[in-house]
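> Okay, here's the structure, questions in a sec.
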Number of protein chains: 2
Amino acid sequence: MTGSKSLPHQTAPKQTIQRQTGVALWRQIADRIRVAISDGIYDATGMVPPEAVLAAEFEVNRHTVRSALAALAQEGIVRAVQGRGTLIERRDRITFPISKRTRFTPGIGDQARILEGLLLESAHEPATLELAAHLKLKPGEKVIRMEGLRKADGQPVSRSTSWFPAKRFTGIDDAYRATGSVTAAFAACGLADYLRIKTEVSAVHADPSDRQELGLSPGAIVLVTKALNADPDGVPVQYAVTRFPADRVQFTIEN
Amino acid sequence: MTGSKSLPHQTAPKQTIQRQTGVALWRQIADRIRVAISDGIYDATGMVPPEAVLAAEFEVNRHTVRSALAALAQEGIVRAVQGRGTLIERRDRITFPISKRTRFTPGIGDQARILEGLLLESAHEPATLELAAHLKLKPGEKVIRMEGLRKADGQPVSRSTSWFPAKRFTGIDDAYRATGSVTAAFAACGLADYLRIKTEVSAVHADPSDRQELGLSPGAIVLVTKALNADPDGVPVQYAVTRFPADRVQFTIEN
DNA sequence: GGAAATTTGTACGTATGTATC
DNA sequence: GGATACATACGTACAAATTTC
């Protein structure tokens, strides 16, 4: 960031991309445009700049830009209309608040119209060593594992694997299936309140199951949280690993 | 996540990757191995499995695995030795705590031996509309912008752009240059304590300047935080946008 | 110490994908 | 759309270094 920010050129600002790096130019360009749309750069017109302009900005052939836009169209982010241009179909990046009282439904608030919580699968299993340490159980004690998918306005926004102590929360999977809410499911098991003790955040490339379950394209990024919830007495009640599509989700930590 | 987790095969577990997606197979494989190393999957041997085994796991030609390992060797993560195998050189993922009292140096604690904070550049500028809103200044009021780079054990771990109200914190850039610590620089300007008000976290692909400044390979991920610090009375004192290499850094939020 | 097995390094040929003009 | 250049990926074969027995 020493130079490169005050070149008095009259042409469009060149956007650097790298060649021969294992990532095709069209995919690098698609990723950049996706972020630009998320950041609202093109909100004034509701459209992506013309292919020729983008080609000049990235210093590539127009065909390469077309490949990038085709990929974004495939994701449903833009729609090309002959003679008019490339229209932006959606630019939603949902903000998840993380705090002592992290909750999904009220956290999203009015950022989406329709919220869904789906239980994909649940099972009773013995706790692994690592999981037992998190939940303060004896290794091998039974836990309930729940695989969940959350959607906002029909778009997948998170894919989670949660574990609960089986003895204390018998039937929590059925309660979650019925309500689509962890808070409601806890309440059904007699736990009125719970607190977020700890959250770890990292980011990795989407693996094939992420791509399938969250509807992502290859090379996409997923934000990963590993979270521990406890009852008001500090006894662990839930450990969860959740994967969020980074192009649609960000976090905010309010202290 | 429905099946695929309890196949009693005697062969290595197949790892799915996708073809013809704009991301080269060798890069997908390199990214997966990098994460596996970070997660300590190969700690038992201190080595990556033989090329032939990886080739079978990913169902690719051995040459493709070799390209992936060559990229990781280039990053200094592994080192291949003829006849022995491919040794893991480093598997460092630093955890940054985010809390009301987020500080860099004590936060890293004993996770690294050598910590450096470099001031790349500083300047006095009028505040933009957005920045003025964050810092509760009038648009156009002067701010001090500081471009910083932090290293742990010689490896870049963060690249930040910070803004401070210029009137209140005259000379903070010199104080930071001298001490390499924001806390110390604040203290030099008469501010003994400050609190983290808000942190936004997102993740994007590394752009060319990230790659250069953080020493990343193309397709790599950067975690982006946008943070606001305030004095004990709640008056904003610093707004900062920081970019972290996601393969070396994760966050933990303790409530 | 020596032979066999294991593992990485090198070479050549072929087919397909990517990007330019 | 067609021609060209280069990157990617596969297949095979063998050389070189190290470990194992």
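The values are calculated or read from the model by the stated rules, or taken from the named source; none is laboratory data. Quick caveat: nothing in here was measured; it's all calculated off a predicted structure. Please note: Cβ atoms are built from the backbone with ideal geometry, for glycine as well, and neighbour counts cover all protein chains shown.
> Which residues, taken from segment B:215-255, are at pLDDT 90 or above, over 8 Å from the mean Cα position of the chain (by Cα) and closer than 12 Å to A:Ala203 by Cα?
If the condition is that a residue be at pLDDT 90 or above, over 8 Å from the mean Cα position of the chain (by Cα) and closer than 12 Å to A:Ala203 by Cα, then B:Ile221, B:Val224, B:Phe251 are the ones that fit.
> Using the structure shown, decide if B:Arg84 is touching a strand residue (DSSP E or B) at 6+ places or on another chain (Cβ under 9 Å) and buried (at least 17 other Cβ atoms within 10 Å of the Cβ). If you could, list the steps in order and put the result at the bottom.
On the way: touching a strand residue (DSSP E or B) at 6+ places or on another chain (Cβ under 9 Å): yes; buried (at least 17 other Cβ atoms within 10 Å of the Cβ): no.
In short, no.
> Can you run down the residue pairs with Cβ atoms below 9 Å, 6 or more apart or on separate chains, where the first is in segment A:55-82 and more than 25 Å from A:Asp153 (Cα to Cα) and the partner is within 16 Å of DNA strand D (Cβ to nearest atom) and of a type in the set (Phe, Trp, Tyr)?
A:Val60/A:Trp26; A:His63/A:Trp26; A:Thr64/A:Trp26; A:Val65/A:Trp26; A:Arg66/A:Trp26; A:Ser67/A:Trp26; A:Ala68/A:Trp26
> Something else: Look at A:Ile33 and say whether it is at pLDDT below 75 and buried (at least 16 other Cβ atoms within 10 Å of the Cβ).
no
> Within segment B:56-79, can you find the residues that are in contact with a Ser or Thr (Cβ under 7 Å, 6 or more places away or on another chain) and within 11 Å of DNA strand D (Cβ to nearest atom)?
Hit for segment B:56-79 is B:Ala71, nothing else.
> To continue, here is another question. Restricting segment B:44-83 to residues that are part of a helix (DSSP H, G or I) and more than 16 Å from B:Ile17 (Cβ to Cβ), which is farthest from DNA strand C (Cβ to nearest atom)? Can you show your working first?
We begin by selecting, within segment B:44-83, every residue part of a helix (DSSP H, G or I); these are B:51-58, B:62-74.
Remaining after also requiring more than 16 Å from B:Ile17 (Cβ to Cβ): B:52, B:70, B:73-74.
Numbers: B:Ala52: 6, B:Ala70: 8, B:Ala73: 8, B:Gln74: 12 Å.
Filtering first and then ranking leaves B:Gln74.
> Right, another one. Taking only segment B:22-55 into account, find how many residues are more than 8 Å from DNA strand D (Cβ to nearest atom) and aromatic (Phe, Trp, Tyr). Please lay out each step first, then the result.
Of segment B:22-55, the ones more than 8 Å from DNA strand D (Cβ to nearest atom) are B:22, B:29-54.
Subset that is aromatic (Phe, Trp, Tyr): B:42.
Number satisfying all stated conditions: 1.
> Can you pull out the residues in segment B:137-175 that are hydroxyl-bearing (Ser, Thr, Tyr) and within 23 Å of the chain's Cα centre (by Cα)? Break it down stepwise before answering.
First, pick out the residues of segment B:137-175 that are hydroxyl-bearing (Ser, Thr, Tyr): B:158, B:160-162, B:170.
Once the filter is applied, which keeps residues that are hydroxyl-bearing (Ser, Thr, Tyr) and within 23 Å of the chain's Cα centre (by Cα), segment B:137-175 yields B:Ser158, B:Ser160, B:Thr161, B:Ser162.
Conditions (1) within 14 Å of another protein chain (Cβ to nearest Cβ); (2) in contact with a Ser or Thr (Cβ under 9 Å, 6 or more places away or on another chain); (3) free of Cβ contacts under 8 Å to residues at least 60 places away in the same chain, marked per residue:
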position	(1), (2), (3)
A:Leu149	yes, yes, no
A:Arg168	no, no, no
A:Val182	no, yes, no
A:Lys198	yes, yes, yes
A:Glu213	yes, no, no
A:Gly219	yes, yes, no
A:Val237	no, no, no
A:Arg248	yes, yes, no
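> Count, please, the residues in segment A:179-193 that happen to be in contact with a helix residue (DSSP H, G or I) (Cβ under 8 Å, 6 or more places away or on another chain) and closer than 20 Å to A:Leu149 by Cα.
Within segment A:179-193, residues that are in contact with a helix residue (DSSP H, G or I) (Cβ under 8 Å, 6 or more places away or on another chain) and closer than 20 Å to A:Leu149 by Cα number 7.
> Against the conditions (1) under 16 Å from the mean Cα position of the chain (by Cα); (2) free of Cβ contacts under 8 Å to residues at least 24 places away in the same chain, where does B:Ala178 fall short? Just the number, please.
(1)
> Taking only segment A:200-225 into account, find how many residues are under 20 Å from A:Leu119 (Cβ atoms) and in contact with a strand residue (DSSP E or B) (Cβ under 7 Å, 6 or more places away or on another chain).
Number satisfying all stated conditions: 5.
> List, please: which pairs have Cβ atoms under 9 Å, are six or more places apart or on different chains, and start with a residue in segment B:19-30 that is aromatic (Phe, Trp, Tyr) and end with one that is within 8 Å of DNA strand C (Cβ to nearest atom)?
B:Trp26/B:His63; B:Trp26/B:Arg66; B:Trp26/B:Leu69; B:Trp26/B:Ala70
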